[in-house]
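> One structure follows; several queries about it will come next.
The values are calculated or read from the model by the stated rules, or taken from the named source; none is laboratory data. Note that the structure is predicted; figures quoted are calculated from it, not measured. Cβ placement follows ideal geometry from the backbone for every residue including glycine, while neighbour counts extend to all protein chains displayed.
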Amino acid sequence: MAAGTAMSSYWRGVRDGLPFLAVVGPFAMLFGVLATEAGLAVHETMGFSIVVIAGAAQFTALQLLNENAPTLVIIASALAVNLRMAMYSASITPHLGPLPLWKRGIAAYFLVDQTYAQSILDCERNPDQTTSEKFAYFLGVMTPICPPWYLFTFLGAILGESIPPSLGLDFALPIAFLAMIGPMLRTPAHRIAALASVILALAFAWLPYNMGLLVAGLGGMIAGAQAEVRLGIKP
Amino acid sequence: MTDTTQLWIIIIALGLGSFGLRFAFLGLVGDRAMPEWVLRHLRYTAVAVIPALVAPLVLWPTATGGEPDPTRLAAAIATFTVGYLTKNVFAAMGVGATVLVSLSLML
């Protein structure tokens, strides 16, 4: 019973996570290349990808390391970039919260932008799944995303400078995120939330330490919730 | 550029901090029911954070030192439009990547 449906949920997750490989691969590779170019050893570069496992925060830390910023500023800035993870954690809790603590620990470690976005999309599309099916799906999505994150960081670190910078790899992540936004705009409330968040993000981009992202994220959430209540939109 | 101890302090602090943020609600709240107003806000987390993350990167790409770039802008518009119209994440990624690569090669 449960084991069979969990297995099929897992493989459904693998299938849905697989295309992200096209994005995660180049991005991890880019991190590996840039980190070694910044003077990090291969094992230090791998340390980042395995211990931190958060692309945008890793790039932020790398950038600030290059600028010889103070240790505390580097930590605070990269964690600020990652504050959205707390929002992901809160957002996925209604779905994965009933799991035993150790499974919640595993889910927390692998909760990155892509696994979150794909899993929450699926939880909302198929609300009748059991908790173990949702967890199996999450692990499925994670499989072609997180282990390749380590592997391609390693390949990037080894390959070093042999990747031409003109290839536009820096834009792989924005493309992936932009592709996810369209399908999320299901109701007018979602569209209002996204619009408010874009306006706030651009207006507050001058704030130091990526605080603009946090202002925009919070503002967008409030805009969406308010729109839902005032326009009487069914969630 | 930096000494090894400082680097590992940063890596470990970021690792613990990131895990803490990811575990915050999932680990501590568990299956206790959350109030409706919290859930109502959480419904819009993804749609509020991801556009905010991406908007400055589209207008002011890091690779060009923050200068708006027609190639990246065109790829961004194509990706979003295909995603919005087809509701297909991977069709959008494919079209976006194709536009990005072909314009980069042409320009």
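> With at the interface with chain B (Cβ under 7 Å from one of its Cβ atoms) and not acidic (D, E) as the only criterion, which of A:P26, A:P98 stands out? Give the derivation first.
On the way: A:P26 fails: at the interface with chain B (Cβ under 7 Å from one of its Cβ atoms).
After ruling out the rest, the residue left standing is A:P98.
> For residues in the stretch B:49-74 being in contact with a helix residue (DSSP H, G or I) (Cβ under 7 Å, 6 or more places away or on another chain) and either among the polar types (S, T, N, Q) or loosely packed, with under 14 Cβ neighbours inside 10 Å (or both), which is nearest to B:V99 (Cα to Cα)?
B:T71
> Answer with yes or no whether A:T45 is touching a residue at least 12 places away in the same chain (Cβ under 8 Å) and surrounded by 24 or more Cβ atoms within 10 Å (Cβ to Cβ).
Spelling it out, A:T45 is indeed touching a residue at least 12 places away in the same chain (Cβ under 8 Å) and surrounded by 24 or more Cβ atoms within 10 Å (Cβ to Cβ).
> List every residue pair whose Cβ atoms sit under 7 Å apart, with the two residues 6 or more apart in sequence or on different chains, where the first one lies in the stretch B:67-87 and is over 19 Å from A:M180 (Cβ atoms) and the second, anywhere, is polar (S, T, N, Q).
B:T71/B:S104
> Still on this structure: If you go through the stretch A:48-71, how many residues are in a loop (DSSP other than H, G, I, E, B) and free of Cβ contacts under 8 Å to residues at least 60 places away in the same chain?
Residues that pass the stated criteria total 5.
> Has the stretch A:196-212 got any residue that is out of contact with any Gly (no Cβ under 7 Å at 6 or more places or on another chain) and on the phi > 0 side of the Ramachandran plot?
Yes, because at least one residue in the stretch A:196-212 is out of contact with any Gly (no Cβ under 7 Å at 6 or more places or on another chain) and on the phi > 0 side of the Ramachandran plot.
> Hey, among A:V81, A:V14, A:V73, which residue is over 16 Å from A:G140 (Cα atoms) and either crowded, with 22+ Cβ neighbours inside 10 Å or at pLDDT 90 or above (or both)?
Values: A:V14 fails: over 16 Å from A:G140 (Cα atoms); A:V73 fails: either crowded, with 22+ Cβ neighbours inside 10 Å or at pLDDT 90 or above (or both).
The conditions single out A:V81.
> Now a separate question. Within 21 Å of the chain's Cα centre (by Cα) and either farther than 30 Å from A:G47 by Cα or crowded, with 22+ Cβ neighbours inside 10 Å (or both): is that true of B:R22 in this structure? Before the answer, list the steps.
Working: within 21 Å of the chain's Cα centre (by Cα): yes; either farther than 30 Å from A:G47 by Cα or crowded, with 22+ Cβ neighbours inside 10 Å (or both): yes.
Taking the combined requirement at face value, the residue satisfies it.
> Surrounded by 23 or more Cβ atoms within 10 Å (Cβ to Cβ) and farther than 20 Å from A:S49 by Cβ: does that describe A:Y137? Walk me through how you get there before you give the answer.
On the way: surrounded by 23 or more Cβ atoms within 10 Å (Cβ to Cβ): yes; farther than 20 Å from A:S49 by Cβ: yes.
So A:Y137 fits the description; yes.
> Sticking with this structure for a sec: Restricting to the stretch A:184-221, give me the number of residues that are outside any helix (DSSP H, G or I), within 9 Å of chain B (Cβ to nearest Cβ) and of a type in the set (S, T, N, Q).
Total meeting the criteria: 0.
> Another question about this same structure. Identify all residues within the stretch B:29-48 that are surrounded by 14 or more Cβ atoms within 10 Å (Cβ to Cβ), more than 7 Å from chain A (Cβ to nearest Cβ) and farther than 28 Å from A:W102 by Cβ; write none if there are none.
none
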